[in-house]
Amino acid sequence: MVANIRSGSSPGGALYYNKEKVDKDEAEVLLWQKMLEPYDKCGRLDIDVCMESFMPYLEANRRTTNTVFHASLNPSPEDRLTDEQLREIAQEYMERMGYGDQPFVVFKHEDIARSHLHIVSICIGPDGKTIDRYNDRKRSQEITRELERQYGLHSSQGERPVF
């Protein structure tokens, strides 16, 4: 599994990117944690409500500029995973990365030859402290190798991430 991590100044950009995919039926919301119900009464993804879920965290620390954690998890095209397995993998990945108590939303994308995940979260805790992002990419690589072994996935060492 290949992971690609990006950061940014506002979760709105990552949320809108994923909403466009959902609106085109190329993605769906697979899981959300510590978020308000992300759908409006018509069943459409509501970015304003998602942003509302992140606001207390953003307001707790206005000094931090790169507040967004946006990860793409790309299993090998040979791996056929159920939605439940993808939820478990996303949850475990976030726990091990130190975001297990954070609000986040997981999108399953099917806009390329393989299903893959996009996870949008915030790197500020409710106390205003930033989550340690030192060596995020290295830790992420170690975690994805462990998840490959744990779930019996094909090794994707040497593959380039698809974002």
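Here the 3J(HN,Hα) profile of the stretch 140-151, calculated from phi with Karplus coefficients 6.51, -1.76 and 1.60 at θ = phi - 60°, is 4, 4, 4, 5, 5, 4, 5, 5, 4, 5, 4, 9 Hz, Gly and Pro shown as x. With every protein chain kept in place and ligands, DNA and RNA left out, what is the accessible area per residue of the chain? Probe 1.4 Å, answer in Å². Ligands and nucleic acids excluded, the figure is 51 Å² per residue. If you bin all the Cα-Cα distances of the chain at 10 Å, starting from zero, the percentages per bin are 10, 42, 35, 12, 0.
For every helix of n ≥ 4 consecutive DSSP H residues, a contribution of -39,500 (n - 2.57) applies; sum these over the chain, divide by its total residues, and give [θ] at 222 nm rounded to the nearest 500 deg cm²/dmol.
One gets -11500 deg cm²/dmol as the mean residue ellipticity at 222 nm.
Accessible surface of the stretch 1-149, 1.4 Å probe: 45 percent of it comes from carbon and sulfur atoms.
Here's the list of lysines a cross-link from Lys129 could span, going by alpha-carbon distance under 27 Å and ignoring same-chain residues fewer than 8 apart: Lys34, Lys138.
Expected output is a single nm value to one decimal: the length gained when fully extending between Glu110 and Ser7, i.e. 0.36 nm times separation in residues minus the C-alpha distance. What is it?
Numbers: separation 103, 0.36 × 103 = 37.08 nm, distance 2.24 nm.
Going from the current span to full extension adds 34.8 nm.
Find the centroid of the Cα atoms in the stretch 92-150 and in the stretch 10-46, then give the distance between the two in whole Å. Between the Cα centre of the stretch 92-150 and that of the stretch 10-46, the gap is 17 Å. Between the listed residues Leu86, Asn135, Tyr16, the Cα displaced farthest toward the positive end of the dipole of the stretch 1-152, a dipole computed from Cβ unit charges relative to the Cα centre, is found at Asn135. Each Cα pair under 8 Å and six or more residues apart adds its sequence gap; the mean of these over the residue count of the chain is a relative contact order of 35 percent. Remark on Ile124: its backbone amide H falls under 5 Å from those of Ile131, a criterion applied only to residues 5 or more positions apart or on other chains, H modelled at 1.01 Å from N. The local environment of Gln91, defined by Cβ-Cβ distances under 13 Å, has a net charge of -3 under the rule Lys, Arg +1 and Asp, Glu -1.
The values are calculated or read from the model by the stated rules, or taken from the named source; none is laboratory data. Note that this is a predicted model, so its numbers are computed, not measured. Ideal geometry is used to build each Cβ from the backbone, glycine not excepted, and the neighbour counts take in all protein chains shown. What goes into the accessible areas is simple: the full protein's heavy atoms, side chains included, and nothing from ligands, DNA or RNA. Shrake-Rupley method; radii C 1.70, N 1.55, O 1.52, S 1.80 Å.
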